[in-house]
Amino acid sequence: MPGPSPFVTRLFLSGSAGFLLIGVLGAANGAILPEFTRRFGLNDWSAGLFLTAGAVGAVAMVAAGIMGMRGLSARLSAGLMAAGAALVAASLAWPVTILGGLIAGAGFGITASHVNRAFLTGFGVRRGPAMVGLVNAISAAGLIVAPLILVAVGGSPAILYGGIALFALLCLALYPPHEDAFAGSARGLPPLGRRDLGLLGLITGTTVIENGLGGLGALAIIALGRPEAEALSLVSAYFTAYFLGRLALYWVASLVAPERLFLIAVLGAATGAALAAGGLVGTGYVMAGGFIGIAFPSAYVWQARLLGPDPRMAGAMVMAGLSGGVIGPALFGAVLGVTGFAHLFAMAAMLALVLAAAVLRAMRRAGAAGQPA
């Protein structure tokens, strides 16, 4: 029996390394914020701008690819993450650190778009969907380990982001040259009516809450009086629950309709956040991670059915999800900068309840219109 082709082997190695990289980078960007508040003398709101910068970079690059910009290669994405992480590691000044986050975020966006599509097509019709699930699980492993690495290196951004920069250079060596990350994708965005924008807004709302809890959780736990090492350990546990929630979809998604899973996920996240706000910080926060982990995939599957077969809708849904990464830290930061970051979980619970009401309304409208579940 012949072994795997060199192309499949290289694709698996490069894609897995790339997604592990963006997982580590994504979690590191939230876990490092307490250190930045001390190092640069920032308040919690100002530190959160680092998350917003990374999300802006990601959205900008994905938007550029969707709109037809060429030359956004996998190698470019790794180079951007290496350069951005190196600037963050240097920590020369706060504006330079923000710039590093923006540049690394741009690379993050290209890799996130490139690897999913490459695995779906490169492994064929039968194996592609399963391999996409596998590589996303590998990314979640990076989310889990990044806070633990930060604890192990004593909170040093130089060591953590220096290691990320070196890992990005390794990924760059694995990628083939001149591989357009957006090759074969539908260019442009479809005409979006009021109903379409409302449905896409549900995806944005999901990622607003996800980015608030995952990115700002460490700051909130410290604001509640917990030691920084405990806060970072809880962030790691949060992402572990997030990973397990997504893994559970492999079995649950065939048993429960996606819109019902979406509603359950949002209500579960609201309950977990409320428990954390009420004093059960560890239990509630980790519970919220498990539920929020299943929200975006469930919303994506449901809305792909409602929004129709136009391939440009896939790009619209990705943009809706990424925009939550920009809005989330800015929204939470603006409110919590006034009320105090100890109120993060209460705010997340309230937003999740509002989102749940919007999801329930959309479900009823879809049912009344006779649209397929």
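The values are calculated or read from the model by the stated rules, or taken from the named source; none is laboratory data. What you see is a predicted model, and the numbers here were worked out from it, not measured in a lab. Note: ideal-geometry Cβ built from the backbone for every residue, glycine included; neighbour counts use all protein chains shown.
Structure notes:
- Across the range 119-138, not a single residue is classified as out of contact with any Asp or Glu (no Cβ under 9 Å at 6 or more places or on another chain), surrounded by 16 or more Cβ atoms within 10 Å (Cβ to Cβ) and among the hydroxyl-bearing types (Ser, Thr, Tyr).
- The listed residue being out of contact with any His (no Cβ under 7 Å at 6 or more places or on another chain) and either modelled with pLDDT under 95 or over 22 Å from ASN136 (Cα atoms) (or both), out of ALA248, ALA265: ALA248
Let's see how each residue does on (1) among the acidic types (Asp, Glu); (2) in the same structural domain as PHE36 (by TED's automatic domain parsing); (3) within 30 Å of THR121 (Cβ to Cβ); (4) in contact with a strand residue (DSSP E or B) (Cβ under 9 Å, 6 or more places away or on another chain):
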position	(1), (2), (3), (4)
ILE144	no, yes, yes, no
ALA152	no, yes, no, no
ALA158	no, yes, no, no
LEU170	no, yes, yes, no
ASP180	yes, yes, yes, yes
LEU219	no, no, no, no
VAL235	no, no, no, no
PHE243	no, no, yes, no
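- Of all residue pairs spaced 6 or more apart or on separate chains, those with beta-carbon atoms under 7 Å, a first member in the range 101-128 that is closer than 11 Å to LEU76 by Cα and outside the structural domain of GLY215 (by TED's automatic domain parsing) and a second member that is among the hydroxyl-bearing types (Ser, Thr, Tyr) and buried (at least 19 other Cβ atoms within 10 Å of the Cβ) are GLY107/SER77; ILE110/SER77; THR111/SER77.
- The listed residue being touching a Ser or Thr at 6+ places or on another chain (Cβ under 7 Å) and closer than 28 Å to ARG70 by Cα, out of LEU192, LEU120, LEU148, LEU174: LEU174
- Selection within the range 96-154: residues that are farther than 30 Å from LEU49 by Cβ and of a type in the set (Gly, Ala, Ser). The member of this set that is modelled with the lowest pLDDT is ALA130.
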